[in-house]
1. Tell me the label-point distance for the pair Lys115, Thr79, using the 7 Å Cα-to-Cβ offset, in nm and rounded to one decimal.
2. Could you check the simple spin-label distance between Glu124 and Glu147, using points 7 Å along Cα→Cβ, in nm with one decimal?
3. Using only the Cα atoms of segment 127-185, build the gyration tensor, take square roots of its eigenvalues as a ≥ b ≥ c, and label the shape rounded, prolate or oblate: rounded if a/c is under 1.5, else prolate if a/b is larger than b/c, else oblate.
4. For segment 14-110, which trypsin sites (Lys or Arg not before Pro) are in a loop by DSSP, counting at most 11 other Cβ atoms within 10 Å?
5. Quick check for you: with a 1.4 Å probe and neighbouring chains kept, what is the accessible area per residue of the chain, in Å²?
6. Based on the mean of other beta carbon atoms within 10 Å per residue, what is the order of 161-167, 97-103, 183-189, most packed first?
7. With a cap of 13 neighbouring Cβ atoms within 10 Å, and only residues DSSP puts in a loop, list the GluC sites (Glu not before Pro) found in segment 87-147.
8. Would you report the distance distribution of C-alpha pairs in the chain as whole percents per 5 angstrom bin, up to the bin with the largest distance?
Amino acid sequence: MARGGHKHEQDDAERKCIVTGEVQPKAGLIRFVLGPDNQVVPDILGKLPGRGMYVTADRDILEQARKGQFSRSAKQPVTVPDGLLDEVERQVARRTVDLIALTRKAGRAVCGFEKVKGWLAGGERVRVLVQAADGSERGKTKLWTPEGARYFGCLTSAELGLAFGRQSVIHGALATGGLSDRVVEEATKLRGLREGNGGDMASGKDKEAR
């Protein structure tokens, strides 16, 4: 996870989930801090001041944190706002969409069945294949995930449309590169929030054979 070889980034590469107790890369965790009045605040970008509390990006695990683990981790009573889990999902989805948009603006992403198929068939080094969760399954199965690439189907056609500057998008592909790696990190979190953490690495491997 470290970039640029900075020592402090390497030291911060892993954290322990306050619910499961598992130590894992920060890319798979959601950071929370205490805001005013000891209210739990999601820190999706990982930049807010204060002691971080890390929870695996999985809705069921976040629900456990909401029911008492935040208070135990903070060692004091805390306030968990209504709709916290929905807000976390909304922010992660928006972050994923924004990163795909940046990848597109950098000329490293295409959308549309024919363009994506052309990349897959033409030797373009595809890092990510994205397809809308609400798209036709029959149409989606006509494309495949290249070896070593990642597949995500956790965004809606409207969300992908926003990322690609269109009203609706079903199929998209991202070329290899740093921005695409960041998309993988955020989309993996989003998949955990929307589909459960069975949707992490194992699911990615399953879909690679698509």
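The values are calculated or read from the model by the stated rules, or taken from the named source; none is laboratory data. Bear in mind the structure is a predicted one, so any value in this text is a computation, not a measurement. Every residue, glycine among them, receives a Cβ derived from its backbone with ideal geometry; neighbour counts consider all protein chains shown. Just the protein is used for accessible areas: all its heavy atoms, side chains included, with ligands, DNA and RNA removed. Shrake-Rupley method; radii C 1.70, N 1.55, O 1.52, S 1.80 Å.
1. Distance between label points: 4.6 nm.
2. Distance between the two pseudo-spin positions: 2.1 nm.
3. Oblate, since a/c reaches 1.5 and b/c is not below a/b.
4. Answer by residue number: Lys47, Arg51, Lys75.
5. With all protein chains present, the chain gives 51 Å² per residue.
6. 183-189, 97-103, 161-167
7. Glu147
8. Bin by bin from 0 Å, the calculated values are 1, 7, 14, 19, 18, 14, 11, 8, 4, 2, 0, 0.
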